[in-house]
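Reading through the structure tokens given below for one structure.
The values are calculated or read from the model by the stated rules, or taken from the named source; none is laboratory data. Please read all numbers here as calculations on a predicted model, not as lab measurements. Quick reminder, even Gly has a Cβ in these numbers, built from the backbone with ideal geometry, and neighbours come from all protein chains shown. The accessibility values were calculated without ligands, DNA or RNA, using every heavy atom of the protein model including side chains. Shrake-Rupley method; radii C 1.70, N 1.55, O 1.52, S 1.80 Å.
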Amino acid sequence: MSKSSMNWEPQEGSRPELASAPTADAVEGDGISIAKSELIAKLAEKYPQLAARDAELAVRTLLDAMTRTLVEGRRIEIRGFGSFALSTRPPRTGRNPKSGETVLVPEKRVPHFKPGKALRQRVDRSAAGEHDAIDKHIAEREHGAEGERGHGGQKPA
């Protein structure tokens, strides 16, 4: 998939809005989930040169692009993180639980996420209590990657 075939600009007529407040089940620190507004806040906090509105625009643009790609029936792959694809559920016969009446359930396309190897390993290690070592390793890789850019993508000898 080439960059030219992907539209990464916000859709015409759409404008970024402030993220909604976190819901009761997505409060920071609950260890269960993270709300979009928290993601925006963390991005703005990590990169102080980035205004909160710019962080919000970046998150919204990324999510909009991912949504459009899936709506178009295409797959998204983010190396080291995972991939998003569509699964098709065929039409089937179901039952209305209230009346017991037979109903036809139409075909559905549903997004499916498959975590990448690096994400699976990181989650597994953090479950085993190796969280601090993993964060240190990631920080070292980020700093090492910055120093390697001048070498044509090759690691220095």
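Of the residues Glu72, Glu56, Glu77, which single one is touching a Ser or Thr at 6+ places or on another chain (Cβ under 9 Å), open to solvent by 40 Å² or more (accessible area, probe 1.4 Å) and of a type outside the set (Ser, Thr, Tyr)? Even if it seems obvious, please write down each step before you answer.
On the way: Glu72 fails: touching a Ser or Thr at 6+ places or on another chain (Cβ under 9 Å); Glu56 fails: open to solvent by 40 Å² or more (accessible area, probe 1.4 Å).
Answer to the check: Glu77.
Against the criterion of being open to solvent by 80 Å² or more (accessible area, probe 1.4 Å) and hydrophobic (A, V, I, L, M, F, W, C), Leu50 does not qualify.
The residue that is surrounded by the most Cβ atoms within 10 Å (Cβ to Cβ), counting only those in the range 87-118 that are of a type in the set (Gly, Ala, Ser) and either under 19 Å from Gly73 (Cα atoms) or touching a residue at least 24 places away in the same chain (Cβ under 8 Å) (or both), is Gly116. Scanning the range 75-110 for residues that are out of contact with any strand residue (DSSP E or B) (no Cβ under 9 Å at 6 or more places or on another chain) and under 21 Å from Ala65 (Cα atoms) turns up Arg79, Gly80. Please specify each residue of the range 59-69 satisfying the condition of being surrounded by 14 or more Cβ atoms within 10 Å (Cβ to Cβ) and either charged (D, E, K, R) or under 19 Å from Tyr47 (Cα atoms) (or both). Of everything in the range 59-69, those that are surrounded by 14 or more Cβ atoms within 10 Å (Cβ to Cβ) and either charged (D, E, K, R) or under 19 Å from Tyr47 (Cα atoms) (or both) turn out to be Val59, Arg60, Thr61, Asp64, Arg68.
Of all the listed residues (Thr67, Thr23), the sole one being at pLDDT below 95 and of a type in the set (S, T, N, Q) is Thr23.
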